[in-house]
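The values are calculated or read from the model by the stated rules, or taken from the named source; none is laboratory data. Please read all numbers here as calculations on a predicted model, not as lab measurements. Cβ coordinates were reconstructed from backbone atoms using ideal geometry, including for glycine residues, and neighbour counts include every protein chain displayed. These accessible areas exclude ligands, DNA and RNA; they are computed on the full protein's heavy atoms, side chains included. Shrake-Rupley method; radii C 1.70, N 1.55, O 1.52, S 1.80 Å.
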Amino acid sequence: MLDIQGLIDLQDDPFVLIDRDYRIVAANSAYCQAYGVAREDVVGRRCHEVSHHSRVPCHENGEDCPHVRVFSGQTRVDLVHVHFDALGRPEHVKLVGRRLASVDGRTYLGEQIRRLAGTELDCDELRMIGRSPAFLACVEHLTAAAQAEAPVLLLGESGVGKELAAQYIHRRSERAAKPFVALDCAAIPESLFEAELFGHERGAFTGCVGRREGLFEQADGGTLFLDEIGEIPLSMQAKLLRVLETGEFRRVGGREIIRADVRLVSATNRDLLAMVDEGRFRQDLYYRIAGIDVRLPPLRERRSDIPALAEVLLGRLGTRDGRRYRFSDEALALLVQYDYPGNVRELRNIVQKAAALAPNGLIGPEHILFPHERDRRSVPEAPAPVPDRPPRMVELEARHIAEMLTRHQGNRRRVAQALGISERTLYRKLARYQLR
Ligand SMILES: Nc1ncnc2c1ncn2[C@@H]1O[C@H](COP(=O)(O)OP(=O)(O)OP(=O)(O)O)[C@@H](O)[C@H]1O
């Protein structure tokens, strides 16, 4: 008989073996060390209870789960997951799951856990909330970008969390101990750009007092985040390109050549390539800044993250009359239906207003005010209306599933039961109608 324990202890990464019934049948030493547990405390328990503190398997909470995939026939699964670390804080991990068969014909999930995050980002303000597959795929790209040295271009609508993502990259990169410096390019008048980025000497231009270091110098050794990079005027684009190519510049009004070792992370909500075609953005600069590009999905493409985000944003508001603010189930269900053109920032504003309106801290649907009422989604994205055409079966089905999800507060197991279909079928339909 093979010594399974000895075999898995050879692995440097945490590793667990899980049976069809979600029970952990073996855990290696790296796992016990990483999560501060004794082997006998985890072996025999269900994986979702141990890592998620949840009584139901992860896929029933709307998460991508290696267990369900492997036991439905997939041989290898690679995905990013969020679970709890040794101190009970959420942690991003990369899971590599393998389908393993024993000699007696039983199947197991062998799961290797690669920890993506250090604990340094667990301060609440900097924590990126989200467990939806779309969000976790994005976190995986951000993690890969953090480990590289190439410049990163973050793409996404306003308020999706591009600045937060830039900080995430910085704090996980080798530059983490050095400065992170951010500039919103849309907020700087053209005449001040150069001085802002490269600094100026005393008296370099009218109204300037003293000598000042620019952002490139301030960010030396670290990361410079240029938000809304599409707003940089063409004249400035040429200067920026030169600095990125040579790593050298002069302060405005200065002679001394200054060198700064800066990693650039930029962000835009514009289509920069279209701007290149229109002659409004330099192509050579585009290729300089877009070494790695990462798209951040808008909130409406990851609706399942809305309740957790709303709770965290509400938690940041503290208490009223000594009691924590809280949402009623109906309020949360309503929040999930809106399209959020302003993304997480808009959600934050809506939550703040709702809290101000709720007399005893309990937020009901009547306290939730959507600024763009027409963006509230009562049905899944319907195709453009065609006059005198009865709705197609698929439209009716999508609409019905969306309503059931709202009624059951996103609990997919209950929705599947209510619809009389298996959860796998429900998952396929959710993906097909983009209801995840
Ligand atoms: N995944 C997330 N988890 C927690 N908070 C988030 C998340 N994404 C965004 N936020 C919060 O939403 C707000 C807006 O985020 P941020 O400023 O990073 O967006 P942005 O995409 O840079 O916006 P803009 O394009 O308008 O500059 C911030 O308060 C940020 O902390």
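Karplus-derived 3J(HN,Hα) values for segment 94-107, using 6.51 cos²θ - 1.76 cosθ + 1.60 with θ = phi - 60°, are 9, 9, 10, x, 10, 7, 10, 10, 8, 5, 7, x, 7, 10 Hz; glycine and proline are entered as x. Take the Cβ atoms of residue 5 and residue 400, set R0 to 56 Å, and the FRET efficiency comes out at 0.65.
Counting protein heavy atoms only, the chain has 49 percent of its accessible area on carbon and sulfur, 1.4 angstrom probe. In this structure, residue 40 and residue 184 have a Cβ-Cβ separation that, at R0 = 51 Å, corresponds to a calculated FRET efficiency of about 0.45. Extension gain for the segment residue 320 to residue 96, taken as residue separation times 0.36 nm less the Cα-Cα distance, is 76.2 nm to one decimal. Between residue 13 and residue 174, the contour length at 0.36 nm per residue exceeds the alpha carbon distance by 55.9 nm. Taking a ≥ b ≥ c as the square roots of the Cα gyration tensor eigenvalues, segment 4-116 comes out rounded, since a/c falls below 1.5.
Shape call for segment 245-367 from the C-alpha gyration tensor, a ≥ b ≥ c root eigenvalues: rounded (a/c under 1.5), prolate (a/b greater than b/c) or oblate? Verdict is prolate for segment 245-367. Rounded to 0.05, the FRET efficiency of the residue 283 and residue 257 pair, given R0 = 25 Å and the Cβ-Cβ distance, is 0.40. Averaged per residue, the chain has 50 square angstrom of accessible surface, using a 1.4 angstrom probe with ligands and nucleic acids left out. For segment 288-347 versus segment 12-69, the inter-centroid distance based on Cα atoms is 28 Å. Remark: the chain carries a charge dipole of roughly 840 debye about the Cα centre, counting +1 on each Lys and Arg Cβ and -1 on each Asp and Glu Cβ. For a label point 7 Å from the Cα of residue 23 along Cα→C-beta, name the residues of segment 43-60 whose backbone N is under 18 Å from it. Residues 43-51, 55-57 fall inside that zone. Stokes-Einstein, applied to the Kirkwood radius of the chain over Cα pairs at a viscosity of 0.890 mPa s and 25 °C, places its translational diffusion at 99 µm² s⁻¹. Amide hydrogen proximity for residue 295: with H placed 1.01 Å from N in the peptide plane, the residues at 5 or more positions away or on another chain lying under 5 Å are 155. Stretching the chain fully between residue 370 and residue 422 yields a gain of 15.2 nm (0.36 nm per residue, less the alpha carbon separation).
For each pair in 94/239; 162/239; 353/429, compute the distance between the two Cα atoms and list the pairs where it is over 29 Å. From 94/239; 162/239; 353/429, over 29 Å: 94/239; 353/429.
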